[in-house]
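What follows is a single structure, written as C-alpha cells, with notes after it.
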Amino acid sequence: MRMVEHDLRRRGIHDARVLAAMQTVPRHRFVPAELADEAYADSPLPIGEGQTISQPYIVALMTEALALEPETAVLEIGTGSGYQTAILAEVGARVWTIERSTSLAQRAKSLFEELGYDRIEAHVGDGTLGLPDWAPFDRILATGSLPEVPAGLLSQLKPGGIFIGPVGSRFGQRLVRIEYHPQRTTRDDLGSCRFVPLIGVDGWNPSDGA
Ligand code: SAM
C-alpha cells in the first residue's frame, strides 16, 4: 500500500506491528463516505463536529512511540473517528477510549462493533480528567492538544508508564513523551505538531473556541 511504503516507512516508521496495523485497519471506514477516496492521503480529514481524523503518519508515529506490547493497557483521550483506537487494538493493546462528543463516540462505537474490535471500551466524557475508575494504565495517549500535561492524568499511569500527547498553544504544539515515575518524570520532545484542542477541566476552556 502506498500510504505504508511512501508516507510511513520512508519517513522512519519501522515497527513491523505498527506498519501491519496501518496496512490492515480500513481507514476509509473511519472517514465520511464522501471522503473515502481521500482516506489514505497524507493528511488529516474532517469527520464532523468540527473535528478531524489525524494524518496517518502522526497516528503511526504516536503508536510507535507508545512501545506497545500485547495486553498493554492504554487510555486514549479523544476517540474522534475511532481510527487511532482501532490501530492500538490491532497492535494488541487493551484500549479504553474517551470522547467528549456523544455523536462521535456513538459512531465510533458502532464501527468498533461492526469491525469486530471487541476489546475496546468506549466512554463519553471529559478525558482531560482521565478515567480514574479504570486506572492505572500502562500508557496514556492524548489525541488532542493540551496547554500542559495534567498531573491528574500522570497519576493514572503505572510507575514506568508513558504519556504521549501534543502540548503547547492552541495553534501549535510539541509532541511530548513523558515517562512517569512517582519521584521523577523524564520528558522527551518528539517534534512539532498541530492538533485540535482537548476541551475540558484540565484542558482548554470552551470559550477559547471549540
Ligand atoms: N484519534 C482520533 C482519530 O483517530 O480520529 C482523532 C482525534 S481528534 C484530533 C480530537 C478529539 O478529541 C475530537 O474528537 C474531540 O471531540 C475530542 N475531545 C476534545 N476534548 C475532549 C475531552 N476533554 N475529552 C475527550 N475527548 C475530547
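The values are calculated or read from the model by the stated rules, or taken from the named source; none is laboratory data. Worth saying up front: this structure is predicted, and the values here are computed from it rather than measured. With ideal geometry, Cβ positions are generated from the backbone for all residues, glycine too; neighbour counts draw on all protein chains shown. Note: accessible area is taken over every heavy atom of the protein model, side chains too, but ligands, DNA and RNA are not part of it. Shrake-Rupley method; radii C 1.70, N 1.55, O 1.52, S 1.80 Å.
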Among Phe112, Thr97, Leu19, whose Cα lies farthest out toward the positive end of the dipole of region 2-193, if unit charges sit on the beta carbon of Lys, Arg (+1) and Asp, Glu (-1)? Leu19
Can you show me the helix-derived [θ] at 222 nm for the chain, built from DSSP H runs with n ≥ 4 at -39,500 (n - 2.57) apiece and divided by the number of residues, rounded to the nearest 500. -6000 deg cm²/dmol
Only four residue types carry charge here, +1 at the Cβ of Lys and Arg and -1 at the Cβ of Asp and Glu. Report the dipole size of region 2-193 about the Cα centre in Debye, rounded to the nearest 20. 380
Charges only on Cβ, +1 for Lys and Arg, -1 for Asp and Glu: so what's the dipole of region 18-104 about the Cα centre, in debye to the nearest 20? 140
Heavy atoms only, probe 1.4 Å: what % of the accessible area of region 2-193 goes to carbon and sulfur, would you let me know? 50
Comparing Thr128, Thr185, Thr63, which has the greatest mean-square fluctuation in the GNM of the chain with Cα pairs linked when under 10 Å apart? Thr185
Mean accessible surface per residue for region 145-210, computed with a 1.4 Å probe while every protein chain stays in place, in Å²: 50
What is the Rg over Rh value, at two decimals, for region 49-100, using alpha-carbon atoms and the Kirkwood definition of Rh? 0.95
Cα-based convex hull, region 6-58, per residue volume (Å³, whole number): 75
Using 0.36 nm per residue of separation minus the Cα-Cα distance, give me the extension gain between Ala16 and Arg187 in nm, one decimal. 59.0 nm
Using the alpha-carbon centroid of each, what span in Å lies between region 163-207 and region 29-48? 25
Shape call for region 71-210 from the C-alpha gyration tensor, a ≥ b ≥ c root eigenvalues: rounded (a/c under 1.5), prolate (a/b greater than b/c) or oblate? oblate
